[in-house]
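The values are calculated or read from the model by the stated rules, or taken from the named source; none is laboratory data. None of these values were measured; they are calculated from a predicted model. Using ideal geometry, Cβ is built from the backbone for each residue, glycine included, and neighbour counts are taken over all protein chains shown.
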Amino acid sequence: MSPTARNSLNVLSPKERMKVPRQAMPEQAAEIRAHNFEEVNLGYSTELAQQEARRCLECAKPVCTDNCPVGVKVKEFVELIVAGDFLGAAAKIREDNVLPAVTGRVCPQEDHCEGNCLLSKKVKPLGIGYLERFVADYEQRMGNHVLPRVQATGKKVAIVGSGPSGLTVAGDLIQKGHKVRVFEALHELGGVLVYGIPEFRLPKQIIRQQLDYMREMGVEFETDVVVGRTVTIDELMKEEGYDAVYIGTGAGLPQFMGIPGEHLNGVYSANEFLTRINLMKAYKFPVYDEPMLDLHGKSVAVIGGGNTALDAIRSALRLGAGKAYVIYRRSDAEMPARAEEVHHARQEGIDFQMLTAPVEFLSDGKGWLTAARCVRMELGEPDASGRRRPVPKAGSEFDLPLSVAVIAIGTSANPIVQSTTPGLGTNKRGYIEASEQTQRTTRKGVFAGGDIVTGSATVILAMGAGRRAAKSIHEYLTTGEW
Amino acid sequence: MFKIIHAEFLAPGIKRFVIEAPRIARKQQPGQFVILRIYEEGERIPVTIENSDPERGTINIVVQAAGKTTNLLNSLNAGDSILDVVGPLGRPSEIANYGTVVVIGGGVGTAMAYPTAAALKRAGNRVVSIVGARNKELVILEKEMRAVSDALMITTDDGSYADKGFVTDKLLQLIQNGTRIDLVVAVGPIVMMKAVAELTRKEYIRTVVSLNPIMIDGTGMCGGCRVMIDGKSEFACVDGPEFDGHRVNFEVLVQRNAMYRTAEQKSMEEFKRNREPDHVCQSQGVQP
């Protein structure tokens, strides 16, 4: 792509580019989508994509790339869209990101590339996520992958967990010629992308396509292996001949609040609720065997303000919930969920009970949930997280009738790998200790990244850790130096 | 796919399968279990490992038909395959030389108690085993339990075999006879484990029970298997399945295990209907 060609295609001056409005993402109407699991966002057409791409200011120093955890060359791929070379754009993204169709959908771009877009100083930022999704989907439709051919190095790497972080490591290392095998505990590949994120935000077909692509590149997968139980890290290295191991086991054990009534029937962790729906297809019961409680006409609440909370409550709505609440103890400003998801959820009719926290779950006396006793909060001084601490308001207690409550307040470290790998250092909270630059753990040849190192974070941050790990695993395998 | 090498009924409705699962066979320890899924639309259910053969690369599982999945499983035979088998899951039994250990197996729980009894025997304990069942036909693994026990007692609820009564009657006899008991291990129906724990609590005898809550992933991720231990949540799949019986809230376990009863019944009815020879399959994907 020569500068001349580019200039001839994007003839708009910077001022003119700023006058082009950000192209809206076509989406399913809220009143329709609230009753189905089809994707909410429908994707840009070619015209919309090119129109949006022309808004790029082509900064000399693209801060978008600097702020991308995996370093996608935004300016370059957007230029290729303007030029009409969509497959070229896809290939450009793939140099840095093995899951563009996924990140194009679920990455919080507002915190990374788009949040730093120069356009956003005056107008709305470039729709980088929407453009990424467009090229990834275009590439998929064309089925025109350019598979890299590389010389085999003879080195073997085991990857523990097939979530976004593990897949990133696998994708990067296979392109360096290493033999890569990914071990997954569940029966389906994709980790949180399949058990956690619902169909309406990330269709499972997208993940299957990305996995097929990785298989074509030569990545091997083995499901039904719980590393730490089925085989240990030491056995993988000593007996199965792996030269390096990457641990990307992800978000761990769901946290509960420790309030009375959490054991009642009808109280779920978000992980269980979403796993039943996304992985086990309980909403297709009895065609699928895994059951879940019937939500038709029922009052359902999720406790928490993150993306997982919104995924859970929007799923409940789609399963027929008559009332769907988000109970969050702080205010809108502190909500960790993506703005787009909150907006979508409000459009769909989710009732947000802000500055509210449950203090007890009440039962019918036979073990079934009937209500959450809640208290209203007000915000006090900032706490350790820098967010203002919610403080209960005296005398504000009230009972919210509920059939189902879903607790989405985060996770703590899963101990299985750590407890079965001698010498693997962990921090106070039980997460694996790993260098922020190299993702090396305290064990030679063992690397770790993603939520099992940082605690719950995002898909893109896990992928960023995967990129750094792949780079340092490659260095280690090449030099043998630790 | 995990191939079934051999399958045989141990009792009406209780079937033992020998399954090719080399990785699991190598690692299995007493007290652990597997989770399996028979086919694509199937649910994941935890199942007892009765034994394993690391050299042949096989595990033995024992299944009692109760709902749709277990009935379907029990219709499989040698040569058939199970889509997914994952494990061994859960923490292994704590095996040490305690002295005298009473191992209690109730019904199909005997299959879970057996490898623990065998390991305790190998560790030098005096193993006194009590096997209980509803009736003669449902007494399983008698020969196996006898082989690893210094003494074996059997009870049937209806007296159709051995002594009429419950396992707790035998345990009480042992206590009343002044037998020194250093540990009790009880695996079986919740009511049985609860009764055992209540009996031993008064006698200050350490008691381990193996819990069987509803589970999905079995790795700690979903939290569905949470049980109440000393008033706090613990996960049976990563913290258990064995717990100190005196700290377990059995009422909560019974209540949580009933969570999907309506759906389970519906599944079972549909399953039975589909089995009728002239039935034309017409699942409609309706909600429970």
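Which of the residues spanning region A:222-249 are more than 8 Å from chain B (Cβ to nearest Cβ) and at positive phi?
Within region A:222-249, A:G228, A:G241 qualify.
Can you work out which of the residues in region B:89-112 that are of a type in the set (V, I, T) and either surrounded by fewer than 24 Cβ atoms within 10 Å (Cβ to Cβ) or over 16 Å from the mean Cα position of the chain (by Cα) (or both) is nearest to the other protein chains (Cβ to nearest Cβ)?
Filtering first and then ranking leaves B:I95.
Go through region A:421-444 and report how many residues are part of a loop (DSSP other than H, G, I, E, B) and closer than 23 Å to A:T411 by Cβ.
The qualifying residues number 15.
This table checks each residue for (1) buried (at least 23 other Cβ atoms within 10 Å of the Cβ); (2) at pLDDT below 95; (3) of a type in the set (A, V, I, L, M, F, W, C); (4) under 22 Å from B:D53 (Cα atoms).
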position: B:R122; (1), (2), (3), (4): no, no, no, yes
position: B:V128; (1), (2), (3), (4): no, no, yes, no
position: B:V139; (1), (2), (3), (4): yes, no, yes, no
position: B:D158; (1), (2), (3), (4): no, no, no, no
position: B:D169; (1), (2), (3), (4): no, no, no, no
position: B:I181; (1), (2), (3), (4): no, no, yes, no
position: B:V184; (1), (2), (3), (4): yes, no, yes, no
position: B:P189; (1), (2), (3), (4): no, no, no, no
position: B:K194; (1), (2), (3), (4): no, no, no, no
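Name the one entry in A:G191, A:G166, A:G161, A:G171 that is crowded, with 20+ Cβ neighbours inside 10 Å, touching a residue at least 60 places away in the same chain (Cβ under 8 Å), of a type in the set (G, A, S) and more than 14 Å from A:M214 (Cα to Cα).
A:G161 is the lone residue from the list that is crowded, with 20+ Cβ neighbours inside 10 Å, touching a residue at least 60 places away in the same chain (Cβ under 8 Å), of a type in the set (G, A, S) and more than 14 Å from A:M214 (Cα to Cα).
Note down all Cβ pairs under 6 Å where the first residue falls in region A:21-42 and is part of a loop (DSSP other than H, G, I, E, B), the second is among the β-branched types (V, I, T) and surrounded by 12 or more Cβ atoms within 10 Å (Cβ to Cβ), and they're at least six residues apart or on different chains.
A:Q28/A:V40
Just need a number here: residues in region B:254-270 that are at the interface with another protein chain (Cβ under 9 Å from one of its Cβ atoms), in a helix (DSSP H, G or I) and of a type outside the set (G, A, S).
7
Out of all the residues in region A:277-290, is one or more basic (K, R), under 15 Å from B:C225 (Cα atoms) and within 11 Å of chain B (Cβ to nearest Cβ)?
no
Going by the conditions given, is A:G129 part of a helix (DSSP H, G or I), closer than 19 Å to A:P62 by Cβ, within 20 Å of the chain's Cα centre (by Cα) and at pLDDT 95 or above?
Yes.
Go through region A:382-420 and give me each residue that's part of a loop (DSSP other than H, G, I, E, B) and within 24 Å of A:A371 (Cα to Cα).
Listed by number, the residues that qualify are A:K393, A:A394, A:G395, A:S396, A:E397, A:L402, A:S403, A:A408, A:I409, A:G410.
For region A:207-243, which positions are within 24 Å of the chain's Cα centre (by Cα) and β-branched (V, I, T)?
Answer for region A:207-243, where residues must be within 24 Å of the chain's Cα centre (by Cα) and β-branched (V, I, T): A:I207, A:V219, A:T223, A:V225, A:V226, A:V227.
Of all the strands (runs of 3 or more DSSP E) wholly in region B:1-88, which have at least 2 residues that are at pLDDT 95 or above and either more than 19 Å from the chain's Cα centre (by Cα) or more than 10 Å from chain A (Cβ to nearest Cβ) (or both)?
Ranges flagged: B:2-11, B:14-20, B:45-53, B:58-64.
Tell me which residues, restricted to region B:148-202, are small (G, A, S) and in contact (Cβ under 8 Å) with a residue 12 or more places away in the chain.
B:S149, B:A151, B:S160, B:A162, B:A186, B:G188, B:A195, B:A197
Looking only at helices (runs of 4 or more DSSP H) that fall completely inside region A:50-107, which ones have 3 or more residues that are aliphatic (A, V, I, L, M)?
So the answer is A:74-82, A:86-94, A:100-106.
From the residues in region A:250-273 that are of a type in the set (G, A, S) and either more than 8 Å from chain B (Cβ to nearest Cβ) or over 12 Å from B:F235 (Cβ atoms) (or both), which one is surrounded by the most Cβ atoms within 10 Å (Cβ to Cβ)?
A:A270
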